[in-house]
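Below you'll find the structure, written out as structure tokens, and then a few comments.
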Amino acid sequence: MAEPSPPVSAAGVDQAAADYDASGLRGELEIKERAIVKIAVAAALQVPGVVKQSGGLSRLTGRELPRADVSTGADAVAINLYIAMGWPCRLDILSRRLRSEVSRRIEDLTGMPVCELNIVVAGTESAPDDDGSPETPYSDDDSRAPDEPIVPPRPHTPRATPAAVPAAIIIAIAALGLALVSARELLILRGTFANAPWIRNTVEWLGRLHWSEWIVPAAVSAIVLGVVFIVAAVKPRPRTHLPLRVGDTPTVWLRPTDLARHCSSHAHTAPGVQSAHTTVDRKHVTVRVVRSEAFSAGDVAISVREAVEPTLSLLGTAPELRVQVKP
């Protein structure tokens, strides 16, 4: 007959737990970046004004909005957040609420603070007509003040693909071709298969080469190609988005297409405007409107300016506004 086990004292349990912790057998907690991406996307969708935008092959290509690119360090998180918003809306208040909600949610669920959060408006979607005025979903009272001061993030301006990409592709293809030729020469040298060596024959041909008329255009072409590659390497990448004036550091950018939609939407609300179309370039915003016959061109132009200028004032560097009125 088995003897009953002796009772375990509380001191014995505490000592066993201490030994278990000291041995390092409890393991470590690792949070994958894709988990933080899901948290950031879910938090962004909780902010009024942020809409989910997808279509076609977006689920396969990963281009649906909102989406996030996350980089984790030892004890902090950096995020590039791409969103689609319902317009018209207050962009400054939307970005402030979005930054507060995403940072708070990630820090609450993972324990890691967000040291950098860049927001890029990558798409827009028209709001229904019964949503009210653009300022209805947002007010300054709704913004949640953070418990701790937020460290200003480093700005990363969205820019176009570098001009040196074609040159890099050509050089990469040339390097791969040289590697294949070198492997072929090595196999010929080892006697794996018998064939004429390309490198040795080329070097011997160059050694017997004398001056010819085709050398001049070949040399000029080489110089032009080298200059083109150098210019492409040092040429700065152009900006693809316009910075918004949110705080001292630009961390929110808007596509020129989205700015044009905002300007057209506000211009259409001006008295006497039947239709509006906006084009945006680096220095100018041109609003072309068709007026009603009951309104003069001067009055319509003034009304359009008063409706559009508040939107342009949100930009870091406001471009020149041009209003063209057609009967």
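The values are calculated or read from the model by the stated rules, or taken from the named source; none is laboratory data. Keep in mind it's a predicted model, so treat the numbers as computed, not measured. All Cβ positions, even for glycine, are placed from backbone atoms using ideal geometry, and neighbour counts span all protein chains on display. Areas reflect the complete protein model, heavy atoms only, side chains present, ligands, DNA and RNA absent. Shrake-Rupley method; radii C 1.70, N 1.55, O 1.52, S 1.80 Å.
Filter the range 69-90 for residues that are assigned to a loop (DSSP other than H, G, I, E, B) and small (Gly, Ala, Ser); which is surrounded by the fewest Cβ atoms within 10 Å (Cβ to Cβ)?
Here the answer is Ala74.
Would you point out which residue out of Gly298, Gly247, Gly272 is at pLDDT below 90, under 26 Å from Ser95 (Cα atoms) and small (Gly, Ala, Ser)?
It is Gly247.
Can you tell me which residues in the range 60-79 are modelled with pLDDT under 75 and within 18 Å of Thr124 (Cα to Cα)?
Within the range 60-79, Gly62, Arg63 meet the criteria.
Would you confirm whether any residue within the range 282-305 is open to solvent by 80 Å² or more (accessible area, probe 1.4 Å), under 22 Å from Trp253 (Cα atoms) and not charged (D, E, K, R)?
Within the range 282-305, not a single residue is open to solvent by 80 Å² or more (accessible area, probe 1.4 Å), under 22 Å from Trp253 (Cα atoms) and not charged (D, E, K, R).
Which pairs do you get when a residue that is within 13 Å of Thr72 (Cβ to Cβ), found in the range 87-116, comes within reach of a residue that is of a type in the set (Ser, Thr, Tyr) and open to solvent by less than 40 Å² (accessible area, probe 1.4 Å), reach meaning Cβ atoms under 8 angstrom, with the pair 6+ apart or on two chains?
Filtered contacts from the range 87-116: Pro113/Ser103; Val114/Ser103.
Of Val304, Val308, which residue is in a helix (DSSP H, G or I), touching a helix residue (DSSP H, G or I) at 6+ places or on another chain (Cβ under 9 Å) and over 30 Å from Arg159 (Cα atoms)? Can you show your working first?
Details: Val308 fails: over 30 Å from Arg159 (Cα atoms).
Exactly one residue qualifies, and that residue is Val304.
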